[in-house]
Amino acid sequence: MSTTTFDAAESAQRRVARRVTVGTVVVLLLVALSGLEAWPLTSFRLFSTVRTGTSVGLQLQAVGPDGTRTPVRVPANQVMSTTTHQFAHLAHARPEVQRAKVRAWLSTAGIDPAAVTEVELVRTTRSTDPTGVSHVVGSEVVTVVRP
């Protein structure tokens, strides 16, 4: 093979590599700038959450016949622990779906649904002080479900 043929083949490979690289960068930039979540091209939203000293979260509280409130804590080693993100949709679900989900969460948390008069979905606002200690600064009942 002559040097000229080798240089031409190498030059062609470099052009292809350059086009692929530039094309990939252009596609990534377009997807990022348009705000699309086109996996696997982007997952920027996974890392874009700004964390401040204030956070808001949802939790369930079981209310007993005497008015005692007990937080419904689903153990992390249970399959149901992966469903707590559904708390946000509970208020808009049909009543029979609400009851089924609440009964499942209660059972998984080790709370007898028959011993509970109602379950409150509570939005809690927490503030972290400069030392890193979190304090509840507000809470509001979002919805009430009778299991």
> Just a yes or no: is a residue in segment 64-80 in contact with a helix residue (DSSP H, G or I) (Cβ under 8 Å, 6 or more places away or on another chain) and among the hydroxyl-bearing types (S, T, Y)?
Replying inline: no
>> Return the residues of segment 62-79 that are surrounded by 15 or more Cβ atoms within 10 Å (Cβ to Cβ) and either more than 16 Å from V122 (Cβ to Cβ) or modelled with pLDDT under 90 (or both); say none if nothing qualifies.
In response: V74
>> Would you confirm whether or not segment 97-110 contains a residue that is surrounded by fewer than 11 Cβ atoms within 10 Å (Cβ to Cβ) and either polar (S, T, N, Q) or modelled with pLDDT of 95 or more (or both)?
In response: no
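The values are calculated or read from the model by the stated rules, or taken from the named source; none is laboratory data. Just so it is clear, the structure is predicted and the values come from calculations on it, not from any experiment. All Cβ positions, glycine included, derive from the backbone under ideal geometry; neighbour counts span all protein chains shown.
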